[in-house]
Amino acid sequence: MFTYKSLLTTLCFTYFLYSNYYNLDIYLLNTLFAIMAIALLFVLNKKELFLSGFFISVLWFWWVGYSFVYYDLIFLIPIVIIGIGLVYGTLFYLIGLRNNIVYRMTAIFLLSFISPFGFNWFKIELLFINSYLGTSKLEFMAILLSICLFLHYKEKYKRESVLVFLISMITLCFLNSSQKEVISKPKLEIIQYNTNIKQEEKWDRNNRRKIVLENLQAIQNAIENQKDLIILPETAFPLVLNKNSNINNELLELSSKIAILTGSLFQKDGLYYNSTYLYEQGERKVAHKVVLVPFGESVPLPEKIKHFINDLFYNGAKDYETADEPTTFTIKGIKFRSSICYESTTDAIYKNLDTPYVIVISNNAWFTPSIQPNLQRLLLKYYKNKYNLYYFNTTNY
């Protein structure tokens, strides 16, 4: 039964996301709702936790099935939504297996490390992203411990427990505000060319020439405005760019006047990559994606099941290939870590990071209109805080 406590928990867990979507962020409210959300996990029973997890995940990820529209698999959308709800409902249910406060604290903390099928966009710490509290694992554990101690001692030492809890929260707020370091912008004139091309139009061959010409015009405009670098979105050129000599040669020629970074597909030996191309001073460098989107660019299941799903739903298409390591480009003497959409919200892309500057190119047209771009932006802020980064995020939609 969906009780008022389950409803309250669901609302508290989703408030920060939808307030951001409607541009109504208020840090004090985000802080209070986030603390309430975590505290409620300590008091709900197993059934209430399951229902809360189910509806929280649906409200966070109802947009995931959007992409199936472009594969003529609309019938899968409700199945995907229900499947997501059942997965997270089960994870929340596990929190309530024991009515022990230490067990629950441990289970909640462990939940922050779990990524079902490699999909890691449910970060419980994200509740605090636009609040006065921090989002690091250490800070999250401190928040959990403070709530745990308060709930344990509030009956026996009511005033003292309230006072200690308030002091601990104020201390954590102070520590969060004092540890932020501002990264200065690199001394380059950079233009981010964002586009608004619907997904069903982007890969239509009839639109290819128009899209390519618009991209080239944007590059010419950047040259006229004396920019050092132009960044175009993921798959801004909707084709296999390394196999198109005409466009390649034109970009190489233009790169003598401006550095050009753009997304497109790359093909070699019959294998396909989602890639970032850098054209600079007549040379081309390519960075392949390191982390693929689960069930979007790869099927994270055993080989036999993977082939069965690809044959059944994707007309036998193969998963994209990946690079072994992330790529750092040096542009005009400044290092930039290259990242494409989903992988920018994973730790793998920040492996051996040697620069605070990260270029993220995205194509959000798969999932718009929805809250997906907002959730992605909040996740980027999470990683910005974690690794002390400066992002350049260029996107389609």
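No value in this document is a laboratory result; all are computed from the given coordinates. From a predicted model like this one, the values you see are computed outputs, not experimental measurements. Neighbour counts are summed over all protein chains in view; Cβ atoms, including those assigned to glycine, are modelled from backbone coordinates with ideal geometry.
Observations on the structure shown:
- Set the Cα radius of gyration of the stretch 320-384 against 2.2 N^0.38 Å, with N its number of residues, and you get 1.19.
- Taking only the C-alpha atoms of the chain, Rg followed by Dmax gives 23.1, 77 Å.
- At q = 0.23 Å⁻¹ the log10 of I(q)/I(0) for the stretch 80-132 amounts to -0.97, computed by Debye summation with a single uniform scatterer per C-alpha, solvent ignored.
- Percent of alpha-carbon pairs separated by more than 20 Å within the stretch 1-81: 44
- When each of the peptides 105-113, 21-29 is scored by how many other beta carbons lie within 10 Å of its residues on average, the order from highest to lowest is 105-113, 21-29.
- Considering only alpha-carbon pairs that sit under 8 angstrom and 6 or more positions apart, the relative contact order computed for the stretch 78-197 is 18 percent.
- When the charge dipole of the chain is built from unit charges on Cβ atoms (+1 for Lys and Arg, -1 for Asp and Glu) and taken about the Cα centre, the candidate among TYR27, GLY296, ILE371 whose Cα reaches farthest toward its positive end is TYR27.
- Ranked by the mean number of other Cβ atoms within 10 Å of their residues, highest first, the peptides 360-366, 203-209 come out as 360-366, 203-209.
- Across the stretch 131-260, the convex hull enclosing all Cα atoms gives 182 Å³ per residue.
- Scaling against 2.2 N^0.38 Å puts the C-alpha radius of gyration of the stretch 4-178 at 1.08.
- Computed over the stretch 355-397, the ratio Rg/Rh where both radii use C-alpha atoms and Rh is Kirkwood: 1.01
- Order of THR135, THR327 - criterion: other Cβ atoms within 10 Å of each residue's Cβ, fewest first: THR327, THR135
- For the stretch 210-303, the Kirkwood hydrodynamic radius comes to 14.1 Å, computed from all pairs of different C-alpha atoms.
- Rounded to the nearest 20 debye, the dipole size of the stretch 190-396 about its Cα centre is 300 debye, using +1 on the Cβ of Lys and Arg and -1 on the Cβ of Asp and Glu.
- Long-range Cα-Cα pairs in the stretch 190-396 (distance over 22 Å), rounded percent: 49
- In the chain, the DSSP-assigned H stretches of four residues or longer account for a calculated mean residue ellipticity at 222 nm of -14500 deg cm²/dmol, using -39500 (n - 2.57) per stretch and the full residue count as denominator.
- Relative to one another, the C-alpha centroids of the stretch 2-47 and the stretch 177-225 are positioned 36 Å apart.
- Our coupling estimate for the stretch 13-21, obtained by passing each phi through the Karplus curve with A = 6.51, B = -1.76, C = 1.60 and θ = phi - 60°, is 6, 10, 4, 4, 6, 7, 5, 5, 4 Hz, Gly and Pro reported as x.
- The stretch 110-159: C-alpha pair distances exceeding 15 Å, %: 56
- Think of each Lys and Arg Cβ as +1 and each Asp and Glu Cβ as -1; about the Cα centre, that makes the dipole of the chain roughly 920 debye.
- Residues THR322, THR345, ranked from the fewest to the most other C-beta atoms within 10 Å, line up as THR322, THR345.
- Cross-link pairs beyond the 22 Å C-alpha cut-off, checked among LYS198/LYS243; LYS257/LYS332; LYS227/LYS332; LYS185/LYS384: LYS198/LYS243
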